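Chemist: Can you read through this structure? Questions will come right after.
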Amino acid sequence: MADKRTMTLNLTDQEMSLLEELSARRDVSKTALLRQALRLYQMVEVRLSRGEKLFFEDEQKKKAELVVV
Amino acid sequence: MKNRIRIIDNATGQPVEAELFDEVTVEHFIETQQEWRPIVLKAARQLAARGSHQLIPQHFHWDWTTKAPELNVLANTFYGIRYENKLQGLMKLETVGQFCSCRLPEQAGNALVYVDYVEVAPWNLKPLMSSLGEKARYNAIGSRLIEAAVLKSKEEDCKGRIGLHSLPITESFYAKACRMTPVGRDPAKQNLLWLEYTPEQAENFLTGAR
């Protein structure tokens, strides 16, 4: 297991509520959820930097490109 | 990370100490292409010539070197097993992504660790080595890799939950030997069978593996 470092995170009430809701839905701790979010962010960044595009597809197979800034 | 693990030497039936590691590099991928792939292809040709098409490894075309760009993405974790200075098995896990959600009704939507690729060195696969008139050398490589996946899941707070798409030839290994729950065929992934562990099943597997 890699060494870990600790940080303090300041969140608004809404952000904290969302974090609690998502971590409960995924059945992981808030820390684990934030680590997953960070990795997801990196994965998206890496793939976009390779020239790939990120799409959402609805039930009618209609695609919408997500522009990440 | 480097851990001592036990695999079975089929020549003696006795356990031997191998090394499980997660510092996988592109050199390991090249090693699979140089050391594994020629044997896999030779065995596949033999099996095809005998008409034993159902035994031809469905992963014969895999090329780990194509995964080199994924080595530095934190969502991915790679594990290898080394013994006698040879790579005996290789696995890629994803802790985030499209397939990192449970599908079993009792844990649907919960986070899991997805086992994206598992490959055991061809000289450890009985059907392949039989086709070449040889015996498989080491056993329990696949089980040790699944054990590592479960431990990674626990480390990631996924409580041992893992999921994977199995090739048809390995379905019985995951369902019977590992006792994972077959959930159903996935049209989004070549209609492969999706199997999953609950935390309890994962713990049972770890207990049995020790």
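Nothing in this text is a laboratory measurement; each read-out follows from the coordinates by a stated rule. Owing to the predicted nature of the structure, the values given are computational and were not obtained by experimental measurement. Because the Cβ atoms are built from the backbone with ideal geometry, glycine has one as well, and the counts that use them run over all protein chains shown.
Chemist: I'd like the orientation of helix B:199-209 relative to chain B: the angle between its Cα long axis and the longest Cα principal axis, in ° from 0 to 90, rounded to 10.
Modeler: So the inclination is approximately 30 degrees.
Chemist: Can you show me the helix-derived [θ] at 222 nm for chain A, built from DSSP H runs with n ≥ 4 at -39,500 (n - 2.57) apiece and divided by the number of residues, rounded to the nearest 500.
Modeler: It lands at -16500 deg cm²/dmol.
Chemist: In debye, nearest 20, what is the charge dipole magnitude of segment B:1-109 about its Cα centre with +1 on Lys and Arg Cβ and -1 on Asp and Glu Cβ, if you could check?
Modeler: 420 debye
Chemist: Sticking with this one: Say each of residue B:191 and residue B:74 gets a label point 7 Å from the Cα, pointing the same way as Cα to Cβ; how far apart are those two points in nm?
Modeler: 4.0 nm
Chemist: With a 10 Å Cβ neighbour count serving as the proxy for reagent exposure, in which order, fewest first, do A:41, B:79 appear?
Modeler: Ranking A:41, B:79 by Cβ neighbours within 10 Å, fewest first, gives A:41, B:79.
Chemist: Which value at 222 nm does chain B reach when only helices count, each DSSP H run of 4 or more adding -39,500 (n - 2.57), with the total divided by all residues and rounded to the nearest 500 deg cm²/dmol?
Modeler: About -7000 deg cm²/dmol.
Chemist: Taking the mean number of other Cβ atoms within 10 Å as a proxy for protection, how do you rank B:88-98, B:191-201 from highest to lowest?
Modeler: Ranked from most to least packed, the peptides come out as B:88-98, B:191-201.
Chemist: Taking chain B as a Gaussian network, Cα atoms linked when under 10 Å apart, which of B:52, B:172, B:131 shows the biggest mean-square fluctuation?
Modeler: Comparing B:52, B:172, B:131 in the GNM, the peak value goes to B:52.
Chemist: Here is a further query. Can you pull the one-decimal nm distance between simple spin-label points at residue A:58 and residue B:12, each 7 Å off the Cα toward Cβ?
Modeler: 6.6 nm
Chemist: Oh, and also: Can you compute the equivalent ellipsoid semi-axes for chain A, i.e. the square root of 5 times each eigenvalue of the Cα gyration tensor, sorted largest first and rounded to whole Å?
Modeler: Each semi-axis is the square root of five times an eigenvalue, giving 27, 18, 12 Å.
Chemist: Provide the packing ranking of B:12-20, A:31-39, A:12-20, i.e. peptides ordered by the mean count of other C-beta atoms within 10 Å per residue, highest first.
Modeler: A:31-39, B:12-20, A:12-20
Chemist: Based only on other Cβ atoms within 10 Å, what is the fewest-to-most ordering of B:65, A:6, B:207, B:32?
Modeler: A:6, B:207, B:65, B:32
Chemist: Please compute the average number of Cβ atoms from other chains found within 10 Å of each residue's Cβ in peptide A:34-43.
Modeler: 5
Chemist: Just subtract the alpha-carbon distance of residue B:59 and residue B:35 from 0.36 nm times their residue separation and send over the number in nm, one decimal.
Modeler: That works out to 7.1 nm of additional length.
Chemist: Order of B:161, A:5, B:50 from fewest to most other C-beta atoms within 10 Å?
Modeler: A:5, B:50, B:161
Chemist: Further question: Among A:60, A:42, A:31, whose Cα lies farthest out toward the positive end of the dipole of segment A:16-69, if unit charges sit on the beta carbon of Lys, Arg (+1) and Asp, Glu (-1)?
Modeler: Farthest towards the positive end: A:42.
Chemist: Let me ask another. Taking the protein assembly as shown on its own, what percent of its Cα-Cα pair distances exceed 28 Å?
Modeler: Of the Cα pairs, 41 percent sit more than 28 Å apart.
Chemist: Quick one: angle between helix B:37-49 and the longest Cα principal axis of chain B, in degrees between 0 and 90, rounded to 10, please.
Modeler: 70 degrees
Chemist: Starting from the Cα of residue A:67, step 7 Å along the direction of its Cβ; do the same at residue A:22; then give the gap between the two resulting points in nm.
Modeler: Simple spin-label model gives 2.3 nm for this pair.
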